[in-house]
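Below is one structure, written out as structure tokens; the observations come after it.
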Amino acid sequence: MKESYFHAIADGVCRTVAGTDRVTLFYSAEATDFIRFNQARVRQATHVEQHIATVSVVLGLKQATSELTLTGDAAADIATLRAERDQLVRDLSLVPDDRHLMLPDEVVSTRHEAGGTLPSPEHVIQSVARAAASSDFVGIYTGGPVVRGYADSRGQRNWHRVESFHFEWCLYRQADQAVKTTYAGTAWDDAVFAAKMATAREQEKLLALPRRTLQPGAYRVYFSPGAVADMLGMLAWGGFGLRGVKTGVGSLVTMHDGSAAMAPGITISEDATGGIAPRFQETGFVKPDAVALVRSGRVAEVLVSPRSAREYGAVQNGANSAEYPEQLVMAPGELDEADVLPTLGTGVWISDLHYLNYSDKQACRLTGMTRFACFWVEGGRLAAPIGVMRFDDSFLRMFGEGLVGLTRRAELVPDSRTYYWRFLASVTAPGAVVDDFRLTL
């Protein structure tokens, strides 16, 4: 996890050798505490430290790549990586040309270190014991430093190390009733955690009220920042990339052909200056500070990976191979938090969504279900919990003609996935009040 280790293996492996034009190394590492809770007690506590390297060799349009798990011992890992590199060189003659291969021409080195104030596992456990006593508290805490690094035989070196945590939990009441809460960031604050627990307890009490059964139809709704982030996450799969536009299968193709638009107050960007993701991608291209994806309701730029740039004759802007935004930001609006319930008046408060998918991708039509702590609102107050409802509506309609307002406060929602390694991605989104949201059953 030390920068000196990364530079040692980079210097030891990233050398131009006979039969190659370039040797590259992409490094991923983490030291993570995982703590799983059930009924406010520790069910599982684990610490994981891992080092993973991807080494590539290039000759003309031929590239051979291999991924290895490392030990963290520089001398041993350099020997392993060199042996793998040399085998890849021998394999190059068997590899076909990749006509879409594009690698950086300029050497752009970067360094970013963001330390955090993270709790010890003992502190997390004690905090839960104090705040969640007598509750059916279930959740998972994930925290610790994460590293990404890139190096090549031209001398480029990119280093990124951040310390962060992500704590996601539910206060479970009964059957399908629960309140879901997330606390994430780089600096743990006991007061913030306690305040989130207090809010969750208040909502849990509301779940004891008689349930309101809603009929299918159109309702005014409030989406929490987390719910908006979930919908933006769906758009991110192919919606903001050049490939989705060129192939006609992206979710925002109607915006690109001029037949649809969002509300003038909608501005969405990929912001590389905030969040926790690195400024560079896996092949060494460095991202600009920001890419404006939607400006004042109209499409602006798109994310362009190096491969798409080569295929379509465009200019790459540091996007990853999937052209998936890693630090997506929707700009906030003018609605104060205190005015959300009065503005909603009578309608539905939606805290959480799940099973999101497209019912018609090219029309940007989403379907999914409401989930935890969703309420009927009457007279500007939370009046009753509602049952799980399915919806089917167009994001472009909701955040176009249907948009009433966005909140002044936007919330950073980190990617909680930990498959294979911790994902360094996030969506920052405000809450939103929307008219005529279509609940179908």
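Given Cα pairs under 8 Å that are at least 6 residues apart, what percent is the relative contact order of region 121-229? Mind showing how you got there, number by number?
Details: 111 pairs, mean separation 21.7, N = 109.
It comes to 20 percent, rounded to a whole number.
Express as a percent, rounded to the nearest 5, the fraction of DSSP beta bridges in the chain (both residues included) that run antiparallel. Provide the component values of the computation, followed by the final result.
Details: 104 of 119 bridges.
The antiparallel fraction comes to roughly 85 percent.
Name the helices (complete DSSP H segments) of the chain with a Cα length along the long axis of 20 Å or more and a Kyte-Doolittle mean of at least -0.5, or state none.
74-91, 190-206
Give me the distance in nm between label points sitting 7 Å out from Cα along the Cα-to-Cβ direction at Leu206 and Ala114, one decimal.
Spacing of the two 7 Å Cα→Cβ label points: 3.1 nm.
Hey, got the dipole for the chain? About the Cα centre, +1 on K and R Cβ, -1 on D and E Cβ, debye to the nearest 20?
580
If you average over every viewing direction, what projected area does the convex hull of the Cα atoms of the chain give, in nm²?
So the mean shadow area of the Cα hull is 21.8 nm².
Give me the count of lysine pairs in the chain whose alpha carbons sit under 21 angstrom apart, restricted to pairs 8 or more positions apart or on different chains.
4
Rolling a 1.4 Å sphere over the protein heavy atoms, what is the accessible area per residue of the chain, to the nearest Å²?
Per-residue accessible area for the chain comes out at 43 Å².
If you average 1/r over every pair of different alpha-carbon atoms in region 243-339 and take one over that average, what Kirkwood value in Å do you get?
About 14.5 Å for region 243-339.
Roughly speaking, what is the stretch gain from Glu401 to Glu49, that is 0.36 nm per residue apart minus the C-alpha to C-alpha distance, in nm to one decimal?
Additional length available on full extension: 121.9 nm.
Along the charge dipole of the chain, pointing to its positive end and built from +1/-1 on Cβ of Lys, Arg, Asp and Glu, which listed residue (Cys364, Ser135, Ala263) has its Cα farthest out?
The residue sitting most towards the positive pole is Ser135.
How large is the translational diffusion coefficient of region 192-310 in µm² per second when you combine the Kirkwood radius over alpha carbon pairs with Stokes-Einstein at 10 °C and 1.306 mPa s?
Stokes-Einstein gives a translational diffusion coefficient of 89 µm²/s.
Just check region 187-252 against the gyration tensor rule for me: Cα atoms, a ≥ b ≥ c as the square roots of the eigenvalues, rounded for a/c under 1.5, and otherwise prolate or oblate depending on whether a/b exceeds b/c.
Cα axes put region 187-252 in the oblate bin.
With each label point set 7 Å from Cα along the Cα-Cβ vector, what nm distance links Val42 and Val315?
Distance between the two pseudo-spin positions: 5.4 nm.
At q = 0.18, 0.23, 0.26 Å⁻¹, work out log10 I(q)/I(0) for region 304-345 with the Debye formula, treating every Cα as an identical point scatterer and leaving solvent out; two decimals please.
-0.60, -0.77, -0.87
Mind checking which of Ser109, Phe167, Gly318 is farthest towards the positive end of the chain's charge dipole, using Cβ charges of +1 (Lys, Arg) and -1 (Asp, Glu) about the Cα centre?
Phe167
So how far apart, in nm, are the two label points at Ala198 and Ser259 if each is 7 Å from Cα heading toward Cβ?
The answer from the label model is 5.2 nm.
Relative contact order (percent) for the chain, with alpha-carbon contacts under 8 angstrom and 6 or more residues of separation?
Value for the chain: 15 percent.
Pop the C-beta distance of His7 and Glu378 into the FRET formula with R0 = 56 Å and round what comes out to the nearest 0.05.
0.35
The values are calculated or read from the model by the stated rules, or taken from the named source; none is laboratory data. Here the structure is a predicted model, which is why all the values come from computation and not from measurement. Cβ atoms come from the backbone with ideal geometry, glycine included; neighbour counts cover every protein chain shown. The accessibility values were calculated without ligands, DNA or RNA, using every heavy atom of the protein model including side chains. Shrake-Rupley method; radii C 1.70, N 1.55, O 1.52, S 1.80 Å.
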